[in-house]
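Novice: Okay, handing you the structure first.
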Amino acid sequence: MTGPILQVALPSPLRRLFDYRAPRGVGAADLHIGQRVRVPFGKRAMVGLIAAISDHSEVPDNRLKPAEALLDATRCCPTVSGACASGPRAITSTAWATP
């Protein structure tokens, strides 16, 4: 399976990014850093922010899940793109401190 890999910041005590495939039916041109996505996380769904978009993942292909839905047509959190240069801890802290 090919397509963009979303690195998603989630409101989780694990201060890292989580990899997901793009939602079904959503093309690479529609994906932007700072958009919200709904993703499966354990036995529930969570809303996270796209912190990076890549063409590969460390997660084995058979374990990589697709995001359930893209919730925004444009970036809703402009501070995420500024935090990207500082790494996952800065992204997750910035993303969830923004009103």
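Novice: So which pairs qualify, if the first residue must be in region 18-40 and farther than 14 Å from THR74 by Cβ, the second must be of a type in the set (Asp, Glu) and not in a helix (DSSP H, G or I), the Cβ gap must be under 7 Å, and the two must be at least 6 apart or on different chains?
Specialist: Every condition considered, the pairs that remain are PRO23/GLU68; ARG38/GLU68; VAL39/GLU68; PRO40/GLU68.
Novice: Residues being assigned to a loop (DSSP other than H, G, I, E, B) and open to solvent by less than 50 Å² (accessible area, probe 1.4 Å): count how many of those fall in region 42-66.
Specialist: The number of residues fulfilling the criteria is 2.
Novice: Filter region 28-41 for residues that are open to solvent by less than 30 Å² (accessible area, probe 1.4 Å) and either assigned to a loop (DSSP other than H, G, I, E, B) or modelled with pLDDT under 95 (or both) and give the result.
Specialist: Selection gives LEU31, GLY34, GLN35.
Novice: Report yes if some residue within region 79-91 is at pLDDT below 95, open to solvent by 90 Å² or more (accessible area, probe 1.4 Å) and assigned to a helix (DSSP H, G or I); otherwise report no.
Specialist: yes
Novice: Within region 1-18, restricting attention to residues that are surrounded by 13 or more Cβ atoms within 10 Å (Cβ to Cβ), of a type outside the set (Lys, Arg) and farther than 11 Å from ASP55 by Cα, which residue is farthest from the chain's Cα centre (by Cα)?
Specialist: Residue satisfying both the conditions and the ranking: SER12.
Novice: Across region 20-37, what is the number of residues that are closer than 15 Å to ALA51 by Cα and touching a Lys or Arg at 6+ places or on another chain (Cβ under 9 Å)?
Specialist: Of the residues in that region, 6 qualify.
Novice: If the requirement is being over 13 Å from the mean Cα position of the chain (by Cα), in contact (Cβ under 8 Å) with a residue 60 or more places away in the chain and within 18 Å of ASP19 (Cβ to Cβ), which of these qualifies: ASP55, ASP61?
Specialist: Of the residues listed, the single one that is over 13 Å from the mean Cα position of the chain (by Cα), in contact (Cβ under 8 Å) with a residue 60 or more places away in the chain and within 18 Å of ASP19 (Cβ to Cβ) is ASP61.
The values are calculated or read from the model by the stated rules, or taken from the named source; none is laboratory data. Keep in mind it's a predicted model, so treat the numbers as computed, not measured. Glycine gets a Cβ as well: all are built from the backbone with ideal geometry, and neighbour counts include every protein chain shown. Just the protein is used for accessible areas: all its heavy atoms, side chains included, with ligands, DNA and RNA removed. Shrake-Rupley method; radii C 1.70, N 1.55, O 1.52, S 1.80 Å.
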